[in-house]
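S.K.: Below you will find the structure I want to go over with you.
The values are calculated or read from the model by the stated rules, or taken from the named source; none is laboratory data. This structure is a prediction, so every number in the text was calculated from the model and none was measured. Counting neighbours? That spans all protein chains shown, and the Cβs are built from the backbone with ideal geometry, glycine included.
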Amino acid sequence: MSDLENATRRIQKFFFDLEVPYGLALCRICLPLVLMGMVLPRWSVCRELYSADGATGQLSVGFGYIDMLPEFSGTVVAALYAVMIFAMATLCIGFCSRISALIVCVLMTYFSMLDCVSTMTKYTAIITHLTFILSLSQCGSIWSVDAWMANRKRNLDPTQPRFAYPKSAAWPRRLMQFFIAAVYFGAGITKIHTPSFFTGDQLQYWMLTNLNYQHRLGELLSGYPILLVAFGYIVVVWELAFVFCAWKSSWRFVILPVGVLFHFMTTLTLGLLMFPMVCYCTYLSFVDEEDIQNTSAWVRRQIRHFSALKLAYSKLVELRNYMGDRPEWRSPARVAFVVALPVVAMAGIQIEYQFDNYGERRPEGRHQLVAIEPERARMMLAPVQPERDIDKFFAVDMGTFLASDIVANRRTSFRQGERVIAQCSLTPPHEDMVVECKIRDSENRIVEKKVEIATREMLRVNLRFNITDDMRPGEYFMNIETAGRHVLKKKFTVLPKYGTVASR
């Protein structure tokens, strides 16, 4: 067999080999549950966010298409939003799975593009792709209401032929895997072209803000920029290697746990919640039949060892026998799904009507705008105050060597003969500045003076000076000035050339 024929067979097996869609079923179950965490809080304000009665922010406006998507009234939007939530619920339980996934895909895309300010995010873009792939797959063929209503025998009698789950082609699961791999690869390439990522500035400023949610660990790690630089390089290597290593079983159990740890750390340090959960759902597409068989064998061993689990399992078997197969319900259930859509839409309209966010049905009438306090109005309308010099300086660190343009060994004690680097981290935006460093002894005498230019695009400026033998051991002060104005003062200690170890 030629190499070309062998490669063709391997590709066909990779995409079209028949398998039980365990991974797709797990993704179908978990993804809507995660998505509920985003859509349910917006339910009460769907009129304001997505309808012509509120203030929409269409994504297409930034590309010159003002009215690319139609904007409906608040009543229609409430109905569509209720239908989308209903489709998420039916997708989770596997009731009319493919049409439910398609409804979620279409409506989630529509609502996201109507609100590019808050709804349109990275994870909503990922979700729309995943639900579209689910709509093309047999994700509802197992562990679903669709599978229960199908005419498939669940024989538990050992004398009968063993029940086999239906199989389908592997290409939808492979598409999910390729999709998340492409997302990571694109993110890695973007980071390579972002110099501030490798210097730790981007992560440092993000960790110091509560843009998403509070994250105390991020605030703690922001004080160690050299650690952020190391993590930045590790993340880029992992993102670029994912597309090459995630397919092999020997590497899959390394690259995926690293991904789980990476996204968990983004929750602790950056306050991300939805994005890691969506990525975890995508990881379920890497679950194959061997993984399920090994897990099932482990569960059976646990059931045999624990009487409580054995009793619970027997109750589930009795319930399954009682429920049995209901193939005669299949067609009526599809009709019920179609009938349920307008019913859910009407219920959504009524629920949104009861919210009455504008107060139109209150006894006292519609809500009115309240005037703010005069003092606050004067403060908001006052001329912009010039930025203080101290606000242009983020931090001043001292050390003896740099790693990725970051002071790697920050300390405040130095020996005679060492070369010191005083690094001034600047806060953007700032103008072109002259940064002057004056070293003064305990008697306020200038012993060293350094001047550097910080252009407007620079995020840090390094001032280098030597601890000469003429600088006697003791306390010294580093005074930072700009344009002749004092900014801040930092104390450091000079130790003898030979003696006790410098404190860090």
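S.K.: For the range 396-424, enumerate the residues that are without any contact (Cβ under 8 Å) to a residue 40 or more places away in the chain and either aromatic (Phe, Trp, Tyr) or over 18 Å from Ile467 (Cα atoms) (or both).
M.R.: Phe401
S.K.: Quick one: which residue in Ile11, Ile66 is surrounded by fewer than 21 Cβ atoms within 10 Å (Cβ to Cβ) and in contact with a Ser or Thr (Cβ under 8 Å, 6 or more places away or on another chain)?
M.R.: Ile66
S.K.: I'd like to check which helices (runs of 4 or more DSSP H) are fully inside the range 1-60 and have at least 1 residues that are among the aliphatic types (A, V, I, L, M), closer than 24 Å to Thr131 by Cα and in contact with a helix residue (DSSP H, G or I) (Cβ under 9 Å, 6 or more places away or on another chain).
M.R.: Where helices (runs of 4 or more DSSP H) fall fully within the range 1-60 and carry at least 1 residues being among the aliphatic types (A, V, I, L, M), closer than 24 Å to Thr131 by Cα and in contact with a helix residue (DSSP H, G or I) (Cβ under 9 Å, 6 or more places away or on another chain), they are 22-39, 46-50.
S.K.: I'm trying to understand the selection: among the residues of the range 72-124, which are in contact with a helix residue (DSSP H, G or I) (Cβ under 7 Å, 6 or more places away or on another chain), assigned to a loop (DSSP other than H, G, I, E, B) and in contact (Cβ under 8 Å) with a residue 60 or more places away in the chain?
M.R.: Across the range 72-124, the qualifying residues are Gly94, Phe95, Cys96, Thr119, Met120.
S.K.: Consider Arg456 against the criteria (1) free of Cβ contacts under 8 Å to residues at least 40 places away in the same chain; (2) not in a loop (DSSP other than H, G, I, E, B): it satisfies all of them except one. Which criterion is unmet?
M.R.: (2)
S.K.: Pairs, please: C-beta under 8 Å, at least 6 apart or cross-chain, first residue part of a loop (DSSP other than H, G, I, E, B) and in the range 464-475, second among the aliphatic types (A, V, I, L, M) and surrounded by 12 or more Cβ atoms within 10 Å (Cβ to Cβ)?
M.R.: Ile467/Val420; Ile467/Val494; Asp470/Val447; Met471/Val447; Met471/Val494; Arg472/Val494; Pro473/Val494; Pro473/Leu495
S.K.: Go through the range 28-52 and count every residue that is more than 28 Å from Thr282 (Cα to Cα), in contact (Cβ under 8 Å) with a residue 60 or more places away in the chain and surrounded by 20 or more Cβ atoms within 10 Å (Cβ to Cβ).
M.R.: Here the count works out to 1.
S.K.: Hey, another quick one. From Glu290, Glu318, grab the single residue that is in a helix (DSSP H, G or I), of a type outside the set (A, V, I, L, M) and at pLDDT 70 or above. Spell out the reasoning first.
M.R.: Details: Glu318 fails: at pLDDT 70 or above.
When all the criteria are applied, what remains is Glu290.
S.K.: I'd like the full set of residues that are within 15 Å of Asp405 (Cα to Cα) and hydrophobic (A, V, I, L, M, F, W, C), limited to the range 204-230.
M.R.: Those that are within 15 Å of Asp405 (Cα to Cα) and hydrophobic (A, V, I, L, M, F, W, C): Ile226, Leu227, Leu228, Val229, Ala230.
S.K.: Taking into account only those residues within the range 107-124 that are of a type in the set (Val, Ile, Thr) and buried (at least 17 other Cβ atoms within 10 Å of the Cβ), which is modelled with the lowest pLDDT?
M.R.: The qualifying residue modelled with the lowest pLDDT is Thr119.
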